[in-house]
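The values are calculated or read from the model by the stated rules, or taken from the named source; none is laboratory data. Keep in mind the model is a prediction, meaning the values are calculated, not measured. Glycine gets a Cβ as well: all are built from the backbone with ideal geometry, and neighbour counts include every protein chain shown.
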């Protein structure tokens, strides 16, 4: 592997790892939020907006984890057909899958970023007790969607130019 391509691979893997780390942080903050809400409720106090923030953190954790999880082989892959194919047919089907996923994720990222932009432009706030600026709580979802789109494009280009994707495949995949 050439030096620039090796640096790009390491950089992309670091981006996916950093997003996974941010996802873990969101999950920890979600845990803290739920524990605080339980403690406040047990003491007869109120923690306004805690439920809303738990939802925001769950969405952020999910989207930030998608790319990292994909490349680590953690997403469910339906290998009923793919696992029975070999050679050129398998590669062609994998290319079609990566291309379709890339198109869908680029569209998702575009709309997520657009949603953040319009929430910011309109000064939109959440309907819950927290009344948070929506662009702030939508941004991690948009960032995660952009990183996922980048990850699928990365895998598509790797398939096209290197003959393989960057996904860690489980040893028990059918036909692998």
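Here are the numbers:
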quantity	calculated
Residue in segment 42-54 that is under 30 Å from residue 9 (Cα atoms) and out of contact with any strand residue (DSSP E or B) (no Cβ under 7 Å at 6 or more places or on another chain) present	no
Single unsatisfied condition, residue 132 versus (1) over 27 Å from residue 33 (Cβ atoms); (2) in contact (Cβ under 8 Å) with a residue 60 or more places away in the chain; (3) over 17 Å from the mean Cα position of the chain (by Cα)	(1)
Qualifying position, being exposed (fewer than 14 other Cβ atoms within 10 Å of the Cβ) and touching a helix residue (DSSP H, G or I) at 6+ places or on another chain (Cβ under 8 Å), among 128, 123, 163	163
Residue in segment 94-117 that is outside any helix (DSSP H, G or I) and either modelled with pLDDT of 90 or more or more than 24 Å from residue 8 (Cβ to Cβ) (or both) present	no
Leading residue by the ranking (surrounded by the most Cβ atoms within 10 Å (Cβ to Cβ)) among those in segment 25-52 that are part of a helix (DSSP H, G or I) and touching a residue at least 40 places away in the same chain (Cβ under 8 Å)	26
Single condition residue 129 does not satisfy, out of (1) more than 20 Å from residue 16 (Cβ to Cβ); (2) outside any loop (DSSP other than H, G, I, E, B)	(2)
Residue check, residue 13 out of contact with any helix residue (DSSP H, G or I) (no Cβ under 8 Å at 6 or more places or on another chain), surrounded by 13 or more Cβ atoms within 10 Å (Cβ to Cβ) and either modelled with pLDDT under 90 or assigned to a helix (DSSP H, G or I) (or both)	no
Residue in segment 76-88 that is modelled with pLDDT under 95 and within 25 Å of residue 143 (Cα to Cα) present	yes
Search result, residues across segment 91-117 that are surrounded by 16 or more Cβ atoms within 10 Å (Cβ to Cβ), over 30 Å from residue 135 (Cα atoms) and free of Cβ contacts under 8 Å to residues at least 40 places away in the same chain	97
Hey, residue 157 under 18 Å from residue 94 (Cβ atoms) and exposed (fewer than 14 other Cβ atoms within 10 Å of the Cβ) or not	no
Residue 4 being exposed (fewer than 15 other Cβ atoms within 10 Å of the Cβ) and part of a loop (DSSP other than H, G, I, E, B)	no
Scan of segment 56-84 for residues that are over 20 Å from the mean Cα position of the chain (by Cα) and either buried (at least 16 other Cβ atoms within 10 Å of the Cβ) or without any contact (Cβ under 8 Å) to a residue 60 or more places away in the chain (or both), ordered by number	79, 81, 82
Only one of 47, 29 that is over 23 Å from residue 150 (Cβ atoms) and over 20 Å from the mean Cα position of the chain (by Cα)	47
